[in-house]
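First up is the structure itself, then whatever we jot down about it.
Values quoted throughout were computed directly from the atomic coordinates according to the rules given, and no laboratory measurement underlies them. Computed from a prediction, not measured in an experiment: that's the story for all the values here. Cβ sites come from the backbone with ideal geometry, for glycine too, and all protein chains shown count toward neighbours.
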Amino acid sequence: MSLTLNRSVLRAMDILNVIAEHGPSSLAALAVRTGLPKATILRLCATMESQRWLVRRTGDGVYQIGSGMPGQGQKVAGFDLLVENAKDIILDLSQKTGLAVDLASDLGNGRIEIIDTTRSFDTHGIYPYCIGFRPSPFCSALGLAFLVALPQEDLKAALKDLSKHAMKTELPAVHRFDVLVRQIRANGYAQREKGHWGRAVDYGVIPAAIAVPIIQDGRPIGALNLVWAEKNFAIDNVVNEYLTDLTAAAHRIALKSKVVGRL
């Protein structure tokens, strides 16, 4: 007796195979590579999102493998939980401020990785492809906000290792790190070092950014920033207008993450 195979399951497997082979994929790319209608892909992906087999990123709508997929490690689990818990919050913050928002997660030893963003070049005029990038712990707003928020003993250990591997362009910030710590703690935010380029290509526009840590149970689990084209707004203006909103968003993400599932 021959069994009839379930077409929906086969189609879902086609989608997963494409993402597994080619990496995070847009709806358009999935349609081309699977030959399935976009409406069908959206429906199947929504089902797999509900089971955390897939996660859809906020800024670009790209699908990537989630922690519910068997065989995924703790890093993926932590990342996609934070993306899921923060996605509506960062979108609201971006819409309210008109600025781009980046979300970064803890990698360990003082390092972080950007795991979601609302950046759009058409809207914000800055380099949008930042997911997967690991910001400088000494020169980026995200990296500094996270590093300074570490408990004292963890901060000492992280600094010892990070300083050994600092790039030449980071050394001035390394040498005045104590000053930066005092400034960040006094101001309640970290800011991107003026003139720092985290990428080789930023569409010719230097970004400015302010960031705060996402604190859960007394230690940072990530960091959140507002980022914009430096030429458009002075940092003081952004701080005066939106620092309260940025801080509140980070607190909401931490609270939601604790209620939904500890990271």
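Considering only the other residues whose Cβ falls under 13 Å of the Cβ of residue 49, what net charge follows from Lys and Arg at +1 and Asp and Glu at -1?
+3
Residue 164: which lysines have alpha carbons under 20 Å from its alpha carbon, excluding same-chain residues fewer than 8 sequence positions away?
156
log10 I(q)/I(0), Debye, Cα-only the stretch 7-65, no solvent, q = 0.19, 0.21, 0.29 Å⁻¹?
-0.56, -0.70, -1.46
Report which label in [x] 76, 39, 34; [y] 54, 42, 36; [z] 79, 43, 36 holds the value of Cα extents along the principal axes in Å derived from the coordinates of this structure.
For Cα extents along the principal axes in Å, the calculated option is [x].
Express in nm, to one decimal, how much length is gained between residue 51 and residue 244 on full extension, taking 0.36 nm for each residue of separation and deducting their alpha carbon distance.
66.0 nm
Which of rounded, prolate or oblate describes the stretch 158-232 when judged by the alpha-carbon gyration tensor and an a/c cut-off of 1.5?
Here the stretch 158-232 falls in the oblate category.
In a Gaussian network model over the chain where Cα atoms closer than 10 Å are linked, find which of 173, 209, 145 has the largest mean-square fluctuation.
With Cα springs under 10 Å in the chain, the top fluctuation among 173, 209, 145 is at 173.
With a 10 Å radius around each residue's Cβ, average the other Cβ atoms per peptide and rank 3-14, 130-141, 177-188, highest first.
Result, highest mean Cβ count within 10 Å first: 130-141, 177-188, 3-14.
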